[in-house]
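The values are calculated or read from the model by the stated rules, or taken from the named source; none is laboratory data. This one's a predicted model, so the numbers in the text were calculated from it and none came from an experiment. Note that we place each Cβ from the backbone using ideal geometry, even for glycine, and neighbour counts take in every protein chain shown. Quick note on the areas: whole protein, heavy atoms, side chains included, nothing else; ligands and nucleic acids left out. Shrake-Rupley method; radii C 1.70, N 1.55, O 1.52, S 1.80 Å.
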Amino acid sequence: MSADKTTTKTAAAAPAEPSSSATHEPRYTPAEIEPRWQKRWAEQPDLYGAEPASSGKPKYYVLEMLPYPSGQLHVGHLRNYVIGDALARYMWMQGHNVLHPMGWDAFGLPAENAALKNNTPPREWTMQNIAAMKRQFERIGLSYDWRNEITTCLPDYYRWNQWFFIRMFERGLAYRKKSKVNWCPECCTVLANEQVINGRCWRHEDTIVEQRDLEQWFLRITNYAQELLDDLNKLNDWPEKVRTMQRNWIGRSEGAEVTFDVEDAASAPDDEHPTRQAGTAILPAREEVKASGKKIPVFTTRIDTIFGATSIQLAPEHPLVKEFAASNAILNEEVAALLDQQKRAREDGDIGAIEKHGAFTGHYAINPFSGERLPIWVANYILLDYGTGAIMSVPAHDERDYEFAKKYGLETRIVILPRRTSDSTTAEPTNGGRDEPIIPYTAEDSLLINSGEFNTLGNQEAQQKMAAFAEEKGFGKATVTYRLKDWGISRQRYWGTPIPILYCEKDGIVPVPDDQLPVLLPENVEITQTGGSPLARLPEFVNATCPKCGGPARRETDTMDTFVDSSWYFYRYTSAKDDTAPFDTAAIAYWFPVDQYIGGVEHAILHLIYSRFWSKVMRDLGLIQNDEPVERLFTQGMVIKDGAKMSKSKGNVVSPDEMIARYGADAARAYSLFAAPPDRDLDWQEDGVAGVSRFLARVYRLVMKYADRVRAHLSGQTGGDTYTVPVPPYLRKLHQTIRKITVDFSGRWHFNTSIAAIMELVNELTAADPAISKGEVPDAMLAGILRDLVLLLAPFAPYLAFELWETIGGHGDLLRTPWPKYDEALAREDEIEIPVQINGKLRAVIRVAAETGEETLRDAALAAEKIQAATDGKTIVKMIIVPGKLVNLVVK
């Protein structure tokens, strides 16, 4: 429409009396409307179907994280799916070819636990739950393309888990080794490092994870550690919190690995116990030292401080510690006590806060740089699975080392000091000679002292030269380490993908041939929680034939971690029925990466990092071309009830079925979007759902009241004269609402304010109801406004929108009707309110033109009476101006 103060259109003469539809106020009955539309949608299997790549439309792949089929959704789940559904509907209306699929993350321990509790086979329990949850999804009105539904516990899916595993095995990415693993006594299975949270099982907050030595299958995710880290820089549309969590978990550390020889005890000189103040002894010459042949590799990020090392400290579980303690009963007892302290610290969730304790082993290591003898200690704050399980202790430049050294009387030697001036080549102590730790200075402001031939070097130069010296002499080299460890995928449980491996006495480890896939998971298996896979007790499963020699072989009885299933499922959606390959590569080339992924931040480390790894492996296998699976990630806030996160364990679950029965699915959906911004936590209040239901009833009555007039106009049955009227406020409000919701969908996702804007529009139209009833609003304008109102409502309350669209005679399929467009001039707000703060505290609100620039905004803020009074006699140090948003004065 024109932006002029008058609008000219052709319309029929307005009726003298309200239409008959207004004589009896219609009643909004979602219990009748919604089941009727649910049935009609179900009769159109292609309604939410993605079109072929040849459609010519821009593609949009929107995806919510697939659920575990627990059997019952609660409104905490509802929020996640409704966000994605609103976006999918909007993108359809924007003319995109939309892929919006759904499936089931159906393997896992809960099904086994339920089988134990209810005496129901896991498959039966799972499939019953899937049917129940699918009914809930359909009743909520979610726009899923069920033609591409996947269920990860069915052979047509997990066959490809096995196929991928074999491809990784062939390339050395899948391997088996005996190692120390995390064992959950509640789950009776191994956990990956990522599944241990503060020393506890990720599924059981009160269950302490134990350490066990077991043969396990691992995937070499560490081969991709640097690429996983580097490619985080590509993910600009991921939350920074998630990227930071992944950076920290990958944990890249640059430094050097230095090998310390263990001194031959027989050749060691007799001297006092190492807890003396002088904790080291310099030997006459390096070649006179007799090494035992045992070596201690140490990774350090500060090789420049190695001359300040006054002891070596080992983790209590270090192999050398076991060797030393085997012939020393006292040391053995001391190490057991250190292990117990470490275990209790893990249980408390903060090993870094442990009170430092140690035990001297009676052995010494040789500093390869200085030739000094360094006492070897066992310390409770050193962990075997970090670095090499051993450190060089430099008390003067590490707070934890200093705490330990002070307790046991070990020497503290300063080897790094700040420069006296920027041009100085000398350094002097700055701590008055006291044995106190100092912070290692940066390369730009520090020099080495007490470091032999490396004295006076800046520490960055020293790090490079010392690492090169170590490599030249053969006892070390510059290196990079990662906190990330290889992914242990073996699970000693039944309900998971069988690992497709055979063990043959003649041929060793043999993968199952592709033409024998899938290795089927047996049914009717007796399940216990006594430890070990139930599959191991099935001779008909275990006993097999080696495909190489034809002799007897034994099947692997561990199953795969359930996170294998969810690492690639979104690729399968593009061709879920393909029985010749995991997916169609041409379809992947069209649909990937996923345009929008939606799910909880709790999956930042587990699922999201695994799925990125899996995509890179598939790329290297030549199956896909994209480096990353997801372009844009959104992590929604939690739903809170009674002050706690909604969950079954807390007993504060609200069923969407209850809300739908009372208020309708549209009200539950719209409330979950309206009550809080989607990235914030939502405090669920049933009164709020009731309020949204009343609002939807107002919309229904408003549109139904004038449905005859609108339908008549939209059907082309009316004609009329040209009329000229001033642009009314509700028309401006319509265009402002269209612009706001369009902008919200484009990036901000403030759906709460989108729905609030629709409410404001309805208020404007309600205020104009007398004029509309009298025929003072032309049918052309009325039809356009109410038509656009229904379209604006469609992503948030689709049942009501479809009902009203049909009632007013809307043309075509509502789902693919173009989104309304706004007139920029009509959408512009003449005046806006700007808060003015002083030192962050609100002091005034000023009204200015919407397009006011910074300079004018500054003058208006300073001219405000309240601001003048508040700043009288004070100095304005700074003004922070965000045009259209706020003004903040920093005042002294």
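Pop the C-beta distance of E399 and D230 into the FRET formula with R0 = 30 Å and round what comes out to the nearest 0.05. Calculated transfer efficiency: 0.45. Candidate cross-link partners of K407 among the aspartates and glutamates, defined by an alpha-carbon separation under 12 Å and a same-chain spacing of 8 or more, comprise E355. On a 0 to 90° scale, report how tilted helix 751-767 is relative to the longest principal axis of the chain, with both axes built from alpha carbons and the result rounded to the nearest 10. Approximately 20 degrees, to the nearest 10.
Spin-label pair S253-A265: with each label point 7 Å from Cα along the Cα-Cβ axis, the two points sit 2.9 nm from one another. Dividing the helix sum by the residues of the chain, where each DSSP H run of 4 or more adds -39500 (n - 2.57), gives a mean residue ellipticity at 222 nm of -10500 deg cm²/dmol. Surface composition of the chain: carbon and sulfur make up 48 percent of the accessible area, probe 1.4 Å.
Work the Kirkwood hydrodynamic radius out for the stretch 584-739: mean of 1/r over every pair of different alpha-carbon atoms, inverted, in Å.
It is 20.7 Å.
Quick check on packing: order 563-575, 491-503 by the mean number of other C-beta atoms within 10 Å, highest mean leading.
Numbers: 563-575: 23.5, 491-503: 25.0.
Descending mean neighbour count gives 491-503, 563-575.
FRET efficiency for the pair E323 and E210, taken as 1/(1 + (r/R0)^6) with r the Cβ-Cβ distance and R0 = 30 Å, rounds to 0.80.
In this structure the amide hydrogen of V639, modeled in the peptide plane, comes within under 5 Å of the amide hydrogens of M646, L682, none closer than 5 places in sequence on its chain. Rg and Dmax of the stretch 78-190, based on Cα coordinates, read 18.8, 55 Å. Would you please classify the overall shape of the stretch 346-421 from the alpha carbon gyration tensor, given that a ≥ b ≥ c denote the square roots of the eigenvalues, rounded means a/c under 1.5, and beyond that prolate means a/b larger than b/c while oblate covers the rest? Oblate, because a/c is 1.5 or more while a/b does not exceed b/c. Between the helical axis of 240-250 and the longest alpha-carbon principal axis of the chain there is an angle of about 20 degrees. Kirkwood radius, the stretch 482-599, all distinct C-alpha pairs, inverse of mean reciprocal distance: 16.8 Å.
Percent of Cα pairs in the stretch 123-248 per distance bin of 10 Å, from zero to the largest separation: 10, 21, 34, 31, 5. Between Y175 and Q38, the contour length at 0.36 nm per residue exceeds the alpha carbon distance by 44.4 nm. Once the mean of 1/r is taken over each pair of separate Cα atoms and inverted, the stretch 551-645 shows a Kirkwood hydrodynamic radius of 15.5 Å. Normalised by residue number, the volume inside the convex hull of the Cα atoms of the stretch 470-546 is 213 Å³ per residue.
Rounded to the nearest 0.05, the FRET efficiency derived from the C-beta distance between D340 and R483 at R0 = 30 Å is 0.75. Look at the alpha carbon pairs under 8 Å that are at least 6 residues apart: their mean separation over the length of the chain gives a relative contact order of 17 percent. Among E471, E240, E540, the order of accessible area from largest down is E540, E471, E240, computed with a 1.4 Å probe on protein heavy atoms. Once the chain from A53 to Y386 is taken as fully extended at 0.36 nm per residue, the excess over their C-alpha distance is 115.1 nm.
Accessible surface calculations at 1.4 Å, restricted to protein heavy atoms, place the chain at 43 Å² per residue. Size descriptors for the stretch 35-78 (Cα atoms only): Rg and Dmax, in that order, 15.0, 40 Å. A quarter of the convex hull surface defined by the alpha-carbon atoms of the stretch 760-807 gives 3.5 nm² as the mean projection. Taking the alpha carbon gyration tensor of the stretch 525-578, multiplying each eigenvalue by 5 and rooting it gives semi-axes of 28, 20, 9 Å, largest first. Of all DSSP-defined beta bridges confined to the chain, some 80% are antiparallel rather than parallel. If you sort K343, K117, K356 by accessible surface, 1.4 Å probe, largest first, the order is K117, K343, K356.
The alpha carbon radius of gyration of the chain, expressed as a multiple of 2.2 N^0.38 Å, is 1.19. With the convex hull drawn around the C-alpha atoms of the stretch 765-892, the volume per residue stands at 165 Å³. If you take the alpha carbon atoms of the stretch 818-892 and fit the smallest convex hull around them, that volume is 93 Å³ per residue.
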